[in-house]
Amino acid sequence: MCSLPVSRQPLRRVAVTGGTHGNEMCGVYLAKHWLQAPGELQRPSFSAMPVLANPEATAACRRYMGRDLNRTCTLTFLNSTATPDDPYEVTRARELNQLLGPKGTDQAFDFILDLHNTTANTGVCLISEASHSSFNLHLCHYLQLQNPELPCRLLQYEPPGMETYSVESVSKNGIGLELGPQPQGVLRADLFSQMRTLVASTLDFIDLFNQGKAFPAFEIDIYRNLGSVDFPRTADGDLAGTVHPQLQDRDFEPLRPGEPIFKLFSGEDVLYKGNSVVYPVFINEAAYYEKHVAFLKSEKIRVSVPALPELTSSSTLVP
């Protein structure tokens with residue numbers, strides 16, 4: 001169990017980004033809709049800005065054109081000198097940094113909510129890179145309370161020894177919202193509606209926080225990324241098997257040592273050889289084949305989250 005410090009400043013500059021990956025259709029079409037009709041994103045204490053993050057990949061209905069935009073928002077890319085050979089997403093990351101950042105400065109947006117779909121059976125999954133932020137945990141708890149029919153889990157994902165690189169990392173704080181399963185390039189009405197509801201609840205929470213509502217302390221189970229597991233492969237690097245039927249679609253469920261994780265094409269089972277229980281996430285995610293990732297391993301930990309006290313009246317005044 002651990003406790004985390006609290007946020008003390010209202011969030012005035014908020015963005016909702018969709019289409020970071022151009023074939024994840026809920027965020028794509030919500031962003032397109034809100035660019036035409038942004039009233040849904042307005043709250044008494046702020047108005048969120050809709051952003052179509054990757055227009056060229058969206059137009060092509062591809063995850064990306066040159067490289068993954070959600071792995072490109074590092075200071076190395078953002079601050080490097082532009083060249084004619086830069087992949088489109090490097091150029092676009094710099095544009096987003098000018099619009100929503102600059103990253104790591106006081107001028108950056110207060111919060112970015114980045115919308116994603118996954119082919120894995122994650123349900124509602126919030127991805128947070130900010131382990132120090134209790135705000136994101138309060139947000140997750142609020143979504144759980146407001147939408148009990150949509151189990152919401154938080155995955156703490158921090159690249160080990162690396163700078164954060166996601167689109168939401170351009171802002172002072174942010175979070176990724178994953179919703180699945182949904183095939184790439186497909187728009188499901190039920191998931192579209194669910195994402196719309198979750199975005200509305202997120203903005204409601206920010207508005208309540210800005211207007212001075214206090215949120216009590218609580219405890220919550222979160223999942224912390226421990227690394228990835230690749231598929232079994234042949235000597236020349238091709239697939240030698242696939243995710244075992246007993247593991248498929250069991251995201252966030254316990255995986256114990258000795259349980260099957262892969263089924264080889266020869267018919268043999270590959271068993272999990274770890275020393276402790278882990279919780280697989282993004283099992284058999286289509287976009288991760290190129291990254292040599294069959295699933296992520298996570299550990300479930302209990303976190304004690306301090307209260308978000310009522311903000312002072314001077315902080316909560318609507319601009």
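The values are calculated or read from the model by the stated rules, or taken from the named source; none is laboratory data. In this text, all values refer to a predicted model and were calculated from it rather than measured experimentally. Neighbour counts are summed over all protein chains in view; Cβ atoms, including those assigned to glycine, are modelled from backbone coordinates with ideal geometry. Protein only, heavy atoms only, side chains kept; ligands, DNA and RNA dropped before computing areas. Shrake-Rupley method; radii C 1.70, N 1.55, O 1.52, S 1.80 Å.
Residues of segment 261-301 that are open to solvent by less than 50 Å² (accessible area, probe 1.4 Å), out of contact with any strand residue (DSSP E or B) (no Cβ under 6 Å at 6 or more places or on another chain), in a loop (DSSP other than H, G, I, E, B) and closer than 14 Å to V229 by Cβ: G274, E285.
Determine if segment 164-172 includes at least one residue that is aliphatic (A, V, I, L, M) and either assigned to a strand (DSSP E or B) or within 21 Å of Y29 (Cβ to Cβ) (or both). Write out each step before concluding.
At the first step, the residues of segment 164-172 found to be aliphatic (A, V, I, L, M) are 167, 170.
Checking which are either assigned to a strand (DSSP E or B) or within 21 Å of Y29 (Cβ to Cβ) (or both) leaves us with 167.
Yes - at least one qualifying residue is present in segment 164-172.
If you filter segment 189-236 down to residues that are touching a residue at least 40 places away in the same chain (Cβ under 8 Å) and part of a loop (DSSP other than H, G, I, E, B), you find that the one that is nearest to P309 (Cα to Cα) is A214.
Residue by residue through segment 103-147, note down the ones that are modelled with pLDDT of 95 or more, touching a Pro at 6+ places or on another chain (Cβ under 7 Å) and open to solvent by 10 Å² or more (accessible area, probe 1.4 Å). Scanning segment 103-147 gives T119, N121, G123. Annotation note: Cβ proximity below 7 Å between a residue of segment 237-260 that is among the hydroxyl-bearing types (S, T, Y) and open to solvent by 20 Å² or more (accessible area, probe 1.4 Å) and a residue that is modelled with pLDDT of 95 or more and not in a loop (DSSP other than H, G, I, E, B) (sequence gap 6+ or interchain) occurs for T242/F262; T242/K263.
If you go through segment 148-155 one residue at a time, do you hit one that is in a helix (DSSP H, G or I), of a type in the set (D, E, K, R) and at pLDDT 95 or above? The answer is no; no qualifying residue exists. When the residues of segment 25-63 are filtered to those that are touching a Lys or Arg at 6+ places or on another chain (Cβ under 8 Å) and assigned to a loop (DSSP other than H, G, I, E, B), which remaining residue is farthest from G176 (Cα to Cα)? Checked segment 25-63; the qualifying residue farthest from G176 (Cα to Cα) is S45. Condition first: open to solvent by 10 Å² or more (accessible area, probe 1.4 Å) and in a helix (DSSP H, G or I). Now tell me which residues in segment 64-74 satisfy that. Scanning segment 64-74 gives N70, R71. In the set A120, A82, only one residue is part of a loop (DSSP other than H, G, I, E, B), within 14 Å of the chain's Cα centre (by Cα) and over 16 Å from V199 (Cα atoms); that residue is A120. Within segment 14-43, the only residue that satisfies the criterion of being farther than 18 Å from V167 by Cβ and surrounded by 17 or more Cβ atoms within 10 Å (Cβ to Cβ) is R43. Taken over segment 193-233, the residue count meeting the criterion of being over 29 Å from E299 (Cα atoms) and hydroxyl-bearing (S, T, Y) is 1.
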